[in-house]
Amino acid sequence: MLRFFIFNLLGNIIPMPIALICVPVISHHAGVDRLGALGVVWALVGYFSFLDFGLSRVVTRRIAHAIENGRLFDELSELRSFFLWWAIPVMLVIALILLIAGSTIGHIWSEGQIAMEIDSVWSWIAWCVPITLATNWFRGMLEGMQQFGRLNVLRVVFGSWNYAAPAIIVLWYPNLQAMVISIVLGRILALAAHVLACVVVERQIVFGPTPRKTGSLRLFFREGGWMTVSNVISPLMVYFDRFLLASMVPARAIAWYVVSLELMMRTSVIPGALASVLFPKFSKVHGASESGAEAYLYERGIRIIASIMLPVCAIAVILSYEGMKLWMGESFALNSYRIIEIIAVGIFVNSVAHFPFAWVQGTGRSHLTARLHLAELPLYMAGLYFAAINWGILGAAWMWTIRVSLDCIALLWMGPSAARRKIFPFVCLGAGFLLFIGFLDGINLSMTQHAVLGTIWIMIACGISWFVFLPQSDRKVLVKLSWSITKIFG
């Protein structure tokens, strides 16, 4: 499990330095307004990276079950049939709907030039959607077969492409058309690479008889129907704030919000990497088991992630202004550092929520997460609209954090009760600590004062992580490992 976690973590972390280099390049050559518009395009493509109607997660679950039960090739035949006769037509219909809706998309922008550029490139974005959905399908196949090494090589290459390609093309063509086309080209290459990886791992993932089975759609969605609902609504709530703000505030303000949010969202790859490794293991649990190896992994995973994410989020809060000033300039920092401080609280809480979400869906109770998200969606949309109208991007950031916090509480309640009683106080402690240091933080402090106070906060965060969050068994392992390293280099 540790090896797979490291693979997933590296696959998500390695593209981050590329993004840190490329975003200022895009801002400098294309302008902050176009960076804001590109942020919405990234959000739209990112939404469809998650909006696969739950298919990739259902595929992962079914492949894991099939391998365990010794019926892999029968399962692959059923999945090939479903993909050819049902999934591909639906993906094409979605692309056509987006093409038809494209005429109204540009009107949400108040800036005429930005609206024209979005309109001119919309067909590329629309056809990118079925390509992305198909890629998700093959990614689910590889995850079910636990091919995390191959998957994360692909994630590094095409995650880096997502930022590097527009940053390179903008040096010659500083417009949205060129940048979006370069992103879509990367999605096409990503699909081809995932298909090739599947052929290398198991030829029958792609090739073989594909009989049309009239009952395959019903059987597939009987297992994954509620998971589909949840996996449609969940990413919508993640990205809806950007789409709403695009119609309410200038593109420059969207850039302040999106860059800050995306910067913090990149840290979610840490819990996401571990949760994706544990999901196939949770799929072996029948019902909401309160004990066993999987329940132990569930609690241990949450405690380890909380111990990692608290110092990470504390550093983000402490360096929110100075770090953004160094990266994007003083004007950008003045308008965005509070966004980072607010979002950091939500990121910590949401990092814990990855695990009960994976547990509930993995144990076959995806109807619970679907019903939760159905209830959340109208409340969140109304609250986000009210907050954005009254407090702008700061209000949107607060609503995002409040929504993921309430979501985490509800998901923890659906998980094993023994773990819930232990984990809930940890979440409150970590979130309260981040709110406290954010409240005391101020850009008017001198550099020395800020450095001293920041060092104290980071030491306290590390102390909480080590002595409160991290299980004693893992502390012993880390102590032994540190002694071994000391002996080697001593």
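What the table below lists for this structure:
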item: Net +/- balance of residues flanking Leu440 in space, Cβ distance below 15 Å, scoring K and R +1, D and E -1; result: -1
item: Segment Ser417-Ile97, length gained on full extension (0.36 nm per residue, minus Cα span); result: 110.8 nm
item: Residue order, fewest to most beta carbons within 10 Å, for Ile169, Ile21, Ile304, Ile342; result: Ile21, Ile304, Ile169, Ile342
item: Alpha carbon Rg of region 274-422, scaled by the compact-globule rule 2.2 N^0.38 Å; result: 1.20
item: Neighbour-count ranking [beta-carbon atoms within 10 angstrom, fewest first] of Tyr173, Tyr239; result: Tyr173, Tyr239
item: Gained length - Ala192 relative to Val153, 0.36 nm times residue gap less alpha-carbon distance; result: 12.6 nm
item: Positive-end residue, region 228-490 charge dipole about Cα centroid, Cβ charges, pick of Gly301, Tyr239, Pro311; result: Gly301
item: Theoretical gain in end-to-end length, Leu453 to Arg365 [0.36 nm per residue, Cα-Cα removed]; result: 27.1 nm
item: Sequence of Ser81, Ser351, Ser465 once ranked by neighbouring C-beta atoms within 10 Å, starting from the fewest; result: Ser81, Ser465, Ser351
item: Compactness relative to 2.2 N^0.38 Å, alpha carbon Rg of region 228-490; result: 1.06
item: Label zone at Glu322 (point 7 Å along Cα-to-Cβ), backbone N below 15 Å, region 436-470; result: 441-459
item: In nm, spacing of pseudo-spin labels at Ser473 and Leu429 (7 Å Cα→C-beta vector); result: 2.0 nm
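Throughout, read-outs are computed from the coordinates displayed, never taken from laboratory work. Keep in mind that what you see is a predicted model, and the values were worked out from it rather than measured. Neighbour counts are summed over all protein chains in view; Cβ atoms, including those assigned to glycine, are modelled from backbone coordinates with ideal geometry.
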